[in-house]
């Protein structure tokens, strides 16, 4: 996937479209933006006829025609959409100052992104890293085996460590932990550290009902864990509705679980 800097480097003559306001039901929120060049685009402000109108206006501006710098578009039957709301757009030619503004916005967004820590880069760990890589998340993959870190997608942080369980203390509140190592004993150690915290958005482990029962027994008998800790553990990850053990399918289902858990965590955090 082309990154924003790559797009700007290869398409210097570009229009930035910003959503500056919304009312009612709209496909994207205020602050969303896209870039329009003569023959291609980067990003989306929601698609459909609404976006086609915005792209056409941006290209008029690119070509020195009678394009508008602001648009207020009702998302109703008159343009073939049924959202029912309204969206205000601003159009600007990309300059050095606009690029600096976009860099600042991307930096602010990166600081607000939720942390996702994947312990293990085997088949499912790698598939999950690929599934999460396009999403607005700060994803880190942890491994004890250097060779397994060689095939991760761009934009994924990789860390080679001898004691992965020690990293749990580094995580910010609201982080996500997914445990997928090649070693059940190591899985258990990482999970024990994660479940000891009450401020994580999601703790998941690859496995089965048998593995869950074995871990629960070990946690209470030998690891000093509390019985209620198991209520915070998703094991197995990926749910039970789609019974397909291919790594890519497990990854897709787990990605959905993670996004759901993060949304629920934000709701809880905002109510405190």
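Side notes on the structure shown:
- When restricted to residues that are exposed (fewer than 14 other Cβ atoms within 10 Å of the Cβ) and part of a helix (DSSP H, G or I), region 208-247 contains 8.
- Criterion violated by residue 179 - all others in (1) free of Cβ contacts under 8 Å to residues at least 12 places away in the same chain; (2) under 22 Å from residue 265 (Cβ atoms) satisfied: (1)
- Here is the figure for region 39-72: residues that are assigned to a strand (DSSP E or B) and either surrounded by 12 or more Cβ atoms within 10 Å (Cβ to Cβ) or touching a residue at least 60 places away in the same chain (Cβ under 8 Å) (or both) total 5.
- Qualifying residue in region 259-272 (condition: touching a helix residue (DSSP H, G or I) at 6+ places or on another chain (Cβ under 6 Å), modelled with pLDDT of 85 or more and surrounded by 19 or more Cβ atoms within 10 Å (Cβ to Cβ)): no
The values are calculated or read from the model by the stated rules, or taken from the named source; none is laboratory data. These figures come from a predicted structure and were not determined experimentally. Backbone-built Cβ (ideal geometry, glycine too); neighbour counts: all protein chains shown.
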